[in-house]
1. Tell me, which residue of region 135-186 that is of a type in the set (Ser, Thr, Tyr) and surrounded by 15 or more Cβ atoms within 10 Å (Cβ to Cβ) is farthest from Ile122 (Cα to Cα)?
2. Of the conditions (1) in contact (Cβ under 8 Å) with a residue 40 or more places away in the chain; (2) more than 14 Å from the chain's Cα centre (by Cα); (3) closer than 23 Å to Val42 by Cβ; (4) not in a loop (DSSP other than H, G, I, E, B), Gly165 satisfies every one except a single condition; which number is it?
3. Answer yes or no as to whether Gln80 is more than 25 Å from Lys146 (Cβ to Cβ), surrounded by 18 or more Cβ atoms within 10 Å (Cβ to Cβ) and either away from the ligand (no atom under 16 Å from the Cβ) or modelled with pLDDT of 95 or more (or both).
4. When you scan region 71-85, how many residues do you find that are in a helix (DSSP H, G or I) and within 19 Å of the chain's Cα centre (by Cα)?
5. Test Ser200 against the criterion of being among the polar types (S, T, N, Q), more than 11 Å from the ligand (Cβ to nearest atom) and either free of Cβ contacts under 8 Å to residues at least 40 places away in the same chain or surrounded by fewer than 16 Cβ atoms within 10 Å (Cβ to Cβ) (or both), and give yes or no.
6. How many of the residues in region 143-180 are among the acidic types (Asp, Glu), away from the ligand (no atom under 13 Å from the Cβ) and within 16 Å of Asp216 (Cα to Cα)?
7. Report, by residue number, each residue of region 143-181 that is of a type in the set (D, E, K, R) and under 21 Å from Leu115 (Cα atoms).
8. Taking the criterion of being closer than 20 Å to Ala41 by Cβ and either assigned to a helix (DSSP H, G or I) or at pLDDT below 95 (or both), would at least one residue in region 119-138 satisfy it?
Amino acid sequence: MLTPMPNKRFLIAANWKMHSPPPGFDAADSPYKTESAVDVAVFPSFIDLSRCISAQLITGGQTGRPEPSGALTGDVSIAQLKTVGCRYVLCGHSERRKNHGETDDYVAQQAIAALEAGLHPIVCVGETADERKKGKQHDVVKKQLKDIPSGIIVAYEPVWAISGGDPSKPAASAQDAQDMHAFIRSLLPDKAMRILYGGSMNGKNCEELLKCPDIDGGLVGGASLKPEEFKKIVEVAVALEKNYES
Ligand code: PEP
C-alpha cells in the first residue's frame, strides 16, 4: 500500500567504498547523474573525488575530519571536501566505526563541522546482529543519534544487513526498516530531514523498501558498483516519485 509523503524527494546514494568508479560513471548517460525527479549522489574514494566532480556527478566524501586542517597524516578534512566541490559527507559509517574507532561523539563533531562547512552530513546508524538479537536496536540507534544536530540526513544501516560484498545477504525486511525509520523520525526534532535505508538494497528489493512511508532513499554499497543494477534502483525511485505526484 503506497502512502504518499508530501514533498518527498528520494536521494539514492552510491557508496563505492575502496573501489574504483564503475565503468561509464562519467558517460553522458551515466546512471550516477541526478535525475530531474530524484537526487543521486556518489561517494568515491578520496582519490576519485575530482574525477567524479569533473564528470558533474553530485559527490560526497566517505568520511572527513572535523578539524579544518592540521598535523593529521593521511586524513582529509570536511572543509577540504567542500573546497574540492563535494556536497555531502558520510559520517560514522559502520565500517569507519569498526575499523577506525569513530565514536558517537566524533560522529557528532563531524556532523557539526559538515553543517558549518555547508555540506550535507549523512549520519550512519544501525545495530549489530547481536544487539538486535538482544532487542536493543532502538536503544543503540537512540544513543548514536543523541548528540547529533538537526538538519542532517540519517542513513539507517543495520550492520547485519550490510552485504560486505556478499550479494546473497538479505536486506532488512521492509517492516523492520519502516519500524526503525519511524522511530528515528520520532527522535529528531527536524522532521523535514531525510532518512535513507542502507544494507543490501538492490534492484529486486528496492521497490518494497522505497515504498515505506518513512524511507526517503537508499545508501547503496555493492549494488551501486553495477551500473545496470544501480540504474534500476534509480528508475524505481523515479517511478515512485511520479506515482506520488499523480
Ligand atoms: C554500505 O555499506 O553503505 C552498504 C549499504 O553496503 P551494501 O549495499 O553492500 O550492503
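The values are calculated or read from the model by the stated rules, or taken from the named source; none is laboratory data. Here the structure is a predicted model, which is why all the values come from computation and not from measurement. Glycine also receives a Cβ, built like all others from the backbone with ideal geometry; neighbour counts cover every protein chain displayed.
1. Ser163
2. (4)
3. yes
4. Summing the residues that are in a helix (DSSP H, G or I) and within 19 Å of the chain's Cα centre (by Cα) in region 71-85 gives 3.
5. no
6. Going through region 143-180 one residue at a time, the tally reaches 2.
7. Lys143, Lys146, Asp147
8. No, region 119-138 has no match at all.
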